1. Can you tell me which residue among B:Ile48, B:Ile12 is within 14 Å of chain A (Cβ to nearest Cβ), surrounded by fewer than 19 Cβ atoms within 10 Å (Cβ to Cβ) and part of a strand (DSSP E or B)?
2. So which residues in the stretch A:82-104 are under 17 Å from A:Leu21 (Cβ atoms), among the hydrophobic types (A, V, I, L, M, F, W, C) and surrounded by fewer than 16 Cβ atoms within 10 Å (Cβ to Cβ), if there are any at all?
3. Quick check on this structure: which one of B:Ser74, B:Ser85, B:Ser55, B:Ser69 is surrounded by 14 or more Cβ atoms within 10 Å (Cβ to Cβ) and farther than 30 Å from A:Leu110 by Cβ?
4. Give the residue that is nearest to the other protein chains (Cβ to nearest Cβ), with candidates limited to residues of the stretch B:89-98 that are touching a residue at least 24 places away in the same chain (Cβ under 8 Å) and surrounded by fewer than 24 Cβ atoms within 10 Å (Cβ to Cβ).
5. Scan the stretch A:44-57 residue by residue and report those that are over 11 Å from the mean Cα position of the chain (by Cα) and at the interface with chain B (Cβ under 10 Å from one of its Cβ atoms).
6. So which residues in the stretch B:59-77 are part of a loop (DSSP other than H, G, I, E, B) and among the hydroxyl-bearing types (Ser, Thr, Tyr)?
7. Checking B:Ser97 against (1) at pLDDT below 95; (2) more than 30 Å from A:Ser49 (Cα to Cα), which single condition isn't satisfied?
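The values are calculated or read from the model by the stated rules, or taken from the named source; none is laboratory data. Please read these numbers as outputs of a predicted model, since none were measured by experiment. In this analysis, Cβ positions are derived from the backbone assuming ideal geometry, glycine residues included, and neighbour counts consider all displayed protein chains.
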Amino acid sequence: NAGVTQTPKFRILKIGQSMTLQCTQDMNHNYMYWYRQDPGMGLKLIYYSVGAGITDKGEVPNGYNVSRSTTEDFPLRLELAAPSQTSVYFCASSQGQGAYEQYFGPGTRLTVT
Amino acid sequence: QQQVKQSPQSLIVQKGGISIINCAYENTAFDYFPWYQQFPGKGPALLIAIRPDVSEKKEGRFTISFNKSAKQFSLHIMDSQPGDSATYFCAASRGGSRLTFGEGTQLTVNP
């Protein structure tokens, strides 16, 4: 099991550019999440999904979009990148249905300049 | 209502000492309280978790103490080791789907 994988590991974007952060899990988990981590701020939930075709907003969804067409994949789309989106992004997954442990990927460090 | 407050922001402990990190929550509907450990350059990983029907849970050197009436919970690391140096996050959720994280505590254990 590879667990949760994320690509790319690092990326530098110019203001106004767009990109997609990829996330894949091979644990057949129902629930998937996207967080951003800023220094001293903990992790903030951007979007989450409880199953293929179902997504919902978290605490900080503005400037991001997601889709969940398969159980395995949960890409995060950044449109019109802004410096405020400079952060480390983590994808996570959990089984759901009473199994609450979230498994995190290694993260993507994004810089917008 | 969704906030989880964590303290201290940073903590320095000598090897063999006890590390204590505290968290307070507001939402009484929370029913799952995990602690995550994060090493530099890695994603967080679950360390230990507790449900509100017990006041304490121990796993090896790590113990969660839970005070439902005060809406507080804490992580105690006994016999702290340099390998425990990491960032620790408390979190809380209702039903396990959406975690609300504290701000994190950077623990340094000096040899």
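1. B:Ile48
2. Correct list: A:Ala82 only.
3. B:Ser74
4. Narrowing the stretch B:89-98 to residues touching a residue at least 24 places away in the same chain (Cβ under 8 Å): B:89-96.
After this cut, where a residue has to be surrounded by fewer than 24 Cβ atoms within 10 Å (Cβ to Cβ) as well, the list is B:93-96.
Details: B:Ser93: 7, B:Arg94: 11, B:Gly95: 8, B:Gly96: 3 Å.
Filtering first and then ranking leaves B:Gly96.
5. A:Val50, A:Asp56 - these are the residues of the stretch A:44-57 that are over 11 Å from the mean Cα position of the chain (by Cα) and at the interface with chain B (Cβ under 10 Å from one of its Cβ atoms).
6. B:Ser69, the sole residue that qualifies.
7. Just one mismatch for B:Ser97, condition (2).
Okay, residues lined up against (1) at pLDDT below 95; (2) in a strand (DSSP E or B); (3) crowded, with 20+ Cβ neighbours inside 10 Å; (4) among the basic types (Lys, Arg):
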residue: A:Arg11; (1), (2), (3), (4): no, yes, no, yes
residue: A:Gly16; (1), (2), (3), (4): no, no, no, no
residue: A:Leu21; (1), (2), (3), (4): no, yes, yes, no
residue: A:Tyr33; (1), (2), (3), (4): no, yes, yes, no
residue: A:Ile46; (1), (2), (3), (4): no, yes, yes, no
residue: A:Val50; (1), (2), (3), (4): yes, yes, no, no
residue: A:Thr70; (1), (2), (3), (4): no, no, no, no
residue: A:Arg77; (1), (2), (3), (4): no, yes, no, yes
residue: A:Leu80; (1), (2), (3), (4): yes, no, no, no
